[in-house]
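To keep things clear, I will list the structure first and then write my remarks on it.
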Amino acid sequence: MGREDLRYVMDIEKRSFSNPWHLSSFEGEIENYDISFPYVMIHPETGELTGYIIFWQIGEEVQISNFAVHPDYRRKGLGGSVLNRVLGIIKERGARVVVLEVRESNNSARFLYKKFGFEEAGIRKHYYSRPDEDAVVMVKKIK
């Protein structure tokens, strides 16, 4: 992800989340290259930016902090393909565990994460706003 991608990333962010990140948050992720790894998804046929994923790595632990696919491209395997590729990168970087939070009501995301070996490990009460909702903490151990 580079600054030239942010217009498209912000469009997807606003379409995907009821409480979207601010532009400055994405700018910070791009600049924080010591621990932040922001990637964009480019459609192989159209060349369109169709989504993004950001993870932080500190030592052997990774936190997936933001992941979205444009609504027009959901349920077509793109998110799973990117998640699979990123998990490979994470493994190559020596991580041993990956953690993320997901809205309790986001069953499609929870299903995707479970498909890739994430397990539900707990609840963060009132983690999300607009609307207020708990987060499910999901964890995957890297072997």
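Couple of notes before you dig in:
- Selected from P71, G122, I53, residue furthest toward positive end of dipole (the chain; charges at beta carbon): G122
- The listed peptides 74-81, 35-42, ordered by packing as a protection proxy, come out as 35-42, 74-81 (highest mean of other Cβ atoms within 10 Å first).
- Relative packing of 54-61, 120-127, 13-20, which averages over residues the other C-beta atoms within 10 Å, highest first: 54-61, 13-20, 120-127
- Remark: the stretch 31-45, residue by residue, has Karplus-estimated 3J(HN,Hα) of 7, 8, 5, 5, 10, 9, 10, x, 10, 10, 9, 10, 4, x, 9 Hz, where x stands for each Gly or Pro and the curve is 6.51 cos²θ - 1.76 cosθ + 1.60 at θ = phi - 60°.
- Considering only R110, R130, R93, the mean-square fluctuation computed in a Gaussian network model of the chain, springs between alpha carbons under 10 angstrom, is largest for R130.
- Computed from backbone phi with θ = phi - 60° and the Karplus coefficients 6.51, -1.76 and 1.60, the 3J(HN,Hα) list for the stretch 6-15 is 5, 4, 6, 4, 5, 4, 5, 4, 5, 6 Hz; x is used for glycine and proline.
- Lys pairs under 25 Å by Cα in the chain, provided they are eight or more residues apart or on distinct chains: 21
- Integer Hz, Karplus 6.51/-1.76/1.60 couplings in order for the stretch 66-72, x for Gly and Pro: 7, 7, 8, 10, 3, x, 5
- Calculated P(r) tail over 20 Å for the stretch 10-143, as whole % of Cα pairs: 46
- Electrostatic tally near R124: other residues with Cβ closer than 13 Å to its Cβ, Lys and Arg +1, Asp and Glu -1, net -4.
Coordinate-derived values only; no laboratory data. Quick caveat, the model's predicted, so the values are computed rather than measured. Every residue, glycine as well, gets a Cβ built from its backbone with ideal geometry; the counts of neighbours run over all protein chains shown.
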